[in-house]
Amino acid sequence: MSESSPLEVHVLASGSKGNCTVIKKGNSVILHDVGISCRRIVNGLKELHIDMAQVEGIFISHEHSDHIAGLQQLLKRFDIPVYTKQGTWREIQDKLIVPKNQLIELTKGSLSLGNLVVESFGVSHDAADPIGINVFAGKDKATVVTDTGVISDSILHRMDDTTLLVLEANYDPHMLRFGPYQPFLKQRVASDEGHLSNEMAARALLMMKRPDFMQVILAHRSENNNNAVLVTQTIGQMLVDGGVRIGPEMKLQHGQPNEIVSMQSVKR
Ligand SMILES: [Zn+2]
Ligand SMILES: [Zn+2]
């Protein structure tokens, strides 16, 4: 049964106020980042008819609060292993009260969790040891890449052949430049260890090796330095100019701060 069940990606929340993504195939479920309250995560899962007892692991990309805010309460209520890098776990322990033994350190190589095979890879962000993840399930591959200032060749390679992609499109450079942030913060966002602009996200989509059909959720959009219309216009135009047929070849959605946005694999 689980062989035929689709790979599902549900972005429960996306943006600087909190990030959380559910990845599921059949009975196997993992969480990627838990930057919203435990209550919201439990309720979100309930909406998706997923029980917390099904969650096999919590993957943490990095220690910024919009990615870990719900972790302390989650671990208080549920016994779920946390998968992340040693450096990230150290930072988390400085910020939150969490059971010391809950970490399963991510190393090179792949990890089997039920129907899902997970691999992590480094991204470029001002945190201890930030990562993105690949999730393989049958012919499908889900990838989550947010909170990175650049898409390096190695990150691009990790995106290759992804059928379900969660990709950061954080800021519009013009809005950032003329927006409300302090100069140091503007510099931080736009730096190699900051966030991805709409243009950079589009370029990554054009440069990666794309399957015949892929679905994308554009994520971690800034509330101050971007908006959904600009994301659609900028990325849509660049993709069309690059020869991508939006619709038949690529479906694009926006991650939202307060509603669930979902995609699931289609039969091929
Ligand atoms: Zn961050
Ligand atoms: Zn973030």
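The values are calculated or read from the model by the stated rules, or taken from the named source; none is laboratory data. Model, not experiment: these values are computed from the prediction. Backbone-built Cβ (ideal geometry, glycine too); neighbour counts: all protein chains shown. These area figures cover heavy atoms from the full protein model, side chains too; ligands, DNA and RNA do not enter into them. Shrake-Rupley method; radii C 1.70, N 1.55, O 1.52, S 1.80 Å.
Cα centroids of region 164-190 and region 82-156: 23 Å apart. Projecting label points 7 angstrom from Cα along Cα→Cβ for Ser37 and Gln237 puts them 4.1 nm apart.
Length available on full extension from Met207 to Glu193: 0.36 nm per residue minus the Cα-Cα distance, which gives 3.0 nm.
Orientation-averaged projection of region 83-212 equals 9.5 nm² [convex hull of Cα atoms, one quarter of hull surface area]. In whole angstrom, the chain maps to an equivalent ellipsoid with semi-axes of 27, 23, 16, each derived as √(5λ) from the alpha carbon gyration tensor and ordered largest first.
Per residue, the convex hull spanned by the alpha carbons of region 173-268 comes to 113 Å³. Protein heavy-atom accessible surface, 1.4 Å probe, per residue over region 147-201: 44 Å². Each residue of region 259-268 is assigned a 3J(HN,Hα), and the resulting list reads 9, 7, 10, 10, 8, 9, 5, 10, 5, 10 Hz, derived from the Karplus form 6.51 cos²θ - 1.76 cosθ + 1.60 (θ = phi - 60°), x at Gly and Pro. When the helices of the chain are scored as -39500 (n - 2.57) per DSSP H run of n ≥ 4 and the total is divided over every residue, the value at 222 nm lands at -8000 deg cm²/dmol.
For Lys251 and Val117, calculate 0.36 nm times their separation in residues minus their Cα-Cα distance, and state this gained length in nm to one decimal.
Values: separation 134, 0.36 × 134 = 48.24 nm, distance 2.41 nm.
Separation in residues times 0.36 nm, less the Cα-Cα distance, equals 45.8 nm.
Of the heavy-atom accessible surface of region 7-264 (probe 1.4 angstrom), what whole percent is carbon and sulfur?
On the way: 5370 of 11060 Å².
Of all accessible area on region 7-264, carbon and sulfur atoms account for 49 percent.
Taking Cα centre as origin and charging only the Cβ of basic (Lys, Arg, +1) and acidic (Asp, Glu, -1) residues, the dipole magnitude of the chain rounds to 360 debye. Between Lys100 and Asn27, what length in nm is gained on full extension when 0.36 nm per residue of separation is reduced by their alpha carbon distance? Roughly 23.5 nm would be gained on extension.
Per residue, the accessible area of region 90-143 comes to 51 Å², computed with a 1.4 Å probe over protein heavy atoms only.
Put a dot 7 Å past the Cα of Ser65, heading toward its Cβ, do the same for Asn258, and the two dots end up 2.0 nm apart.
Can you find, among Val144, Asn170, Ile260, the residue sitting farthest towards the positive end of the charge dipole of the chain, where Lys and Arg contribute +1 and Asp and Glu -1 at Cβ? Positive-end residue among those listed: Ile260.
Applying 1/(1 + (r/R0)^6) with R0 = 30 Å to the Cβ-Cβ distance of Glu223 and Ser4 gives a FRET efficiency near 0.15.
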